[in-house]
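Below you'll find the structure, written out as structure tokens, and then a few comments.
The values are calculated or read from the model by the stated rules, or taken from the named source; none is laboratory data. Keep in mind it's a predicted model, so treat the numbers as computed, not measured. A quick note on method: Cβ atoms are made from the backbone with ideal geometry, for glycine too, and the neighbour counts reach across all protein chains shown. Side chains included, ligands, DNA and RNA excluded: accessible areas come from the protein's heavy atoms. Shrake-Rupley method; radii C 1.70, N 1.55, O 1.52, S 1.80 Å.
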Amino acid sequence: MFSIARKNTVARLCCAALIRSLCVIFLSVVLGGIAFAQEQPEKPSAKSIPTEMQHEAWAPTSLAALIEEAGKNDPAILAAKKAAEAATHVAPQVSSLPDPLFTVTQFSVGSPRPFAGYTNSDFAYIGVGASQQLPYPGKLKLRGEVANREADAVKVHVGVVSFDEIEKLKTAYFHLAYLQQTLGILQRDDTLLQQIEEQARNRYSAGFGNQQDVLKAQLERTKILREISMHHQLVGEDEAELKRIVRRQQDSPDIITESLSATFLPYTASELLAQVREQDPNIREQSAMVQRNQTSVELARKEFRPDFGVSYTYENTDRKFPDYYMLTLSVNFPRRKPRQAALAEAQINVERAQQDLDAQLQDALAQVQRQYVVMKTSEEQLLIYRDGLIPQAKATIQAGLAAYQSNREDFETLFSSFLDVLNLDLQYQQTLLDHETASVHIERLTGVTLP
């Protein structure tokens, strides 16, 4: 019995030892896998971006083609043209004589019934007449001139709307081109960063680096993916704006822009400022409003003059009685108080319009000067980026990659060189966008066409 119990105890101890050994092995495998996963996190890749966010390759659309399309299809421009066309029909309405008035009169004697007593009274008659109001000479002409000046302002407003819409189109087009170009930069630099990450991992595996370098490279790649995703959002917004202006279906194929390049300004500041008075559509519209209000003052003065009326009536009293013929002339005497108030209002409106014109002019001149400074400054910066900073940064990163691979440069220096390349490329594109956007504003304000 003792021997059997001892054997059972030994068997239980062996089983317990075996179970403990299996548990240790299991935990070692699990913890090792976790540690390996922490040391080797999943690499971000541009391929992880949803496929539907990728742009399809379409032929580029020129800016000139979109401008022509907008001129034909933009609802805002078409509505402004219709308003100008309608305004041309106002002058004939207000410069014409009032409608003539025709009357038929029946006068009966002794009874309220129509035609009662027509043949038994000298006073009963049937009359036919016509009357016409005649405004004081010159009033109708001035009213027509006021309407024509108003129509001129509406016609100029077509230019305001057109310039506004074309400015929006150009701004969205250039911003879309900027996004498409910077997207290529981000994807290219993501590839370069992937190369840096692989070198950091190789050095870490060989025992010369540390895990933080690999993680830092992976973090920066994830940031680039975030920027690419944000780019897709902004591209969608610009696409929607462009399709609105040219009146395309929102689900139509994406618009691919031509490459964005700098158009250097061939004008001096003085030449541009001299163009503002004649070419800025807002200035021209405000000038038309000044002329319209000045004509309204002349009309308000003319309203002090009386208007006239003339009427003629023929009255038939049956054949056995003589007929009646009556000519009537009338004159109205305008009350001075309301006419004086109308004249004062018209004169104040002229002064207000002139002040608005001056304010509009000064604002336009200031905007042209600001945009001129932006263009000239950005031109200098573009040359510095293109001929100095960017080539130097790219040479530095190439030398840094070789030095890091041969263990002659630390990761922080290499990573800093990479960030310099990325940031300088993006800053160059942003400066290029600012330059082209400033050129759009100058074209809008001066009416010049930049090459």
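The Cβ shell under 14 Å around SER131 holds other residues with a net charge of -2, Lys and Arg each +1, Asp and Glu each -1. Model label points for GLN250 and TYR325, set 7 angstrom from Cα along the Cα-to-Cβ axis, are 7.5 nm apart.
Cβ-Cβ distance of LYS141 and GLN392, R₀ of 60 Å, FRET efficiency by 1/(1 + (r/R0)^6): the value works out to about 0.25. Within straight cross-link reach of LYS72, meaning Cα distance under 18 Å, which aspartates and glutamates are found once same-chain residues fewer than 8 apart are removed? Correct list for LYS72: GLU85, ASP164, GLU165, GLU167, GLU241. Beta bridges from DSSP with both residues in the chain: antiparallel share about 95 percent, rounded to the nearest 5. Given a 1.4 Å probe and the protein chains as shown, ARG370 ends up with an accessible area of around 130 Å².
For SER121 and GLU409, the difference between the fully extended length at 0.36 nm per residue and the C-alpha to C-alpha distance is 90.8 nm. For the chain, the dipole from Cβ point charges (+1 on Lys and Arg, -1 on Asp and Glu) about the Cα centre works out to 1400 debye, to the nearest 20.
Which of the peptides 133-144, 403-414 is most tightly packed, and how do the rest follow, judged by the mean count of other Cβ atoms within 10 Å per residue?
133-144, 403-414
Residue by residue, the stretch 385-391 carries 3J(HN,Hα) couplings of 5, 5, 9, x, 5, 5, x Hz when phi is fed to the Karplus relation 6.51 cos²θ - 1.76 cosθ + 1.60 (θ = phi - 60°); x denotes Gly or Pro. Cα extents for the stretch 269-336 along the principal axes, largest to smallest and rounded to whole angstrom: 92, 28, 12.
Taking all protein chains together and a 1.4 Å probe, the residues VAL94, VAL246 rank VAL94, VAL246 from largest to smallest accessible area. Relative to the first principal axis of the alpha-carbon coordinates of the chain, what is the inclination of helix 211-246, with its axis defined by its Cα atoms, in degrees from 0 to 90 and to the nearest 10? Compared with the principal axis, the helix lies near 20 degrees. For the chain, the solvent-accessible area of protein heavy atoms averages 58 Å² per residue (probe radius 1.4 Å; ligands and nucleic acids excluded). Remark on the stretch 336-450: Rg and Dmax equal 27.2, 99 Å (Cα only).
Which chymotrypsin sites (Phe, Trp or Tyr not before Pro) does the stretch 286-393 hold that lie in a coil by DSSP with at most 15 other beta carbons within 10 Å? Loop-located and lightly packed - PHE304.
For the stretch 96-179, the Kirkwood hydrodynamic radius comes to 19.4 Å, computed from all pairs of different C-alpha atoms.
Taking all protein chains as they are arranged and a probe of 1.4 Å, the heavy atoms of GLU150 leave approximately 70 Å² accessible to solvent.
Ligands, DNA and RNA aside, LEU357 has an accessible area near 40 Å² when probed at 1.4 Å. Taken over the alpha carbons of the stretch 331-385 as equal point scatterers, the Debye sum produces base-10 log I(q)/I(0) values at 0.17, 0.18, 0.22, 0.27 Å⁻¹ of -0.72, -0.74, -0.85, -0.96. For the stretch 238-261, backbone nitrogen atoms closer than 12 Å to the point 7 Å from ASN73 Cα along Cα-to-C-beta are found at 242-255. Subtracting the Cα-Cα distance of TYR267 and ARG370 from their residue separation scaled by 0.36 nm leaves 35.6 nm.
Carbon and sulfur atoms: what percent of the 1.4 Å accessible area of the chain do they account for?
Taking all protein chains in place, the chain shows 57 percent carbon and sulfur surface.
The orientation-averaged projection of the convex hull spanning the C-alpha atoms of the chain amounts to 51.5 square nanometres.
Compute the normalised compactness of the stretch 147-299: alpha-carbon radius of gyration over 2.2 N^0.38 Å, N being the residue count. Present the calculation step by step, with values, prior to reporting the outcome.
On the way: Rg = 26.4 Å, N = 153, 2.2 N^0.38 = 14.9 Å.
This ratio for the stretch 147-299 stands at 1.77.
Helical content alone sets the calculated 222 nm signal of the chain at -24000 deg cm²/dmol, taking -39,500 (n - 2.57) per DSSP H segment of four or more residues and averaging over every residue.
Using the Cβ-Cβ distance between GLN93 and GLU167 with R0 set to 25 Å, the FRET efficiency works out to roughly 0.10.
Among 87-93, 77-83, 422-428, 107-113, sorting by the average number of other beta carbon atoms lying within 10 angstrom of each residue, highest first, gives 422-428, 77-83, 87-93, 107-113. On the basis of the beta-carbon distance and an R0 of 45 Å, VAL310 and ALA83 show a calculated FRET efficiency of 0.75.
For the stretch 159-214, a simple Cβ point-charge model (Lys and Arg +1, Asp and Glu -1, everything else neutral) yields a dipole of about 140 debye relative to the Cα centre.
Among LYS170, LYS216, LYS223, the order of accessible area from largest down is LYS223, LYS216, LYS170, computed with a 1.4 Å probe on protein heavy atoms. The largest accessible area among ILE196, ILE390, ILE67 belongs to the first residue in ILE67, ILE390, ILE196, and the rest follow in falling order (1.4 Å probe, all chains). Considering only Cα-Cα distances, which of the following residue pairs are longer than 26 Å: LYS168/LYS394; LYS82/LYS139; LYS81/LYS139; LYS168/LYS223; LYS302/LYS337? Going by Cα-Cα distance, LYS168/LYS394; LYS82/LYS139; LYS81/LYS139; LYS168/LYS223 fall outside the 26 Å limit.
Rg and Dmax over the alpha-carbon atoms of the stretch 221-278 stand at 18.4, 53 Å.
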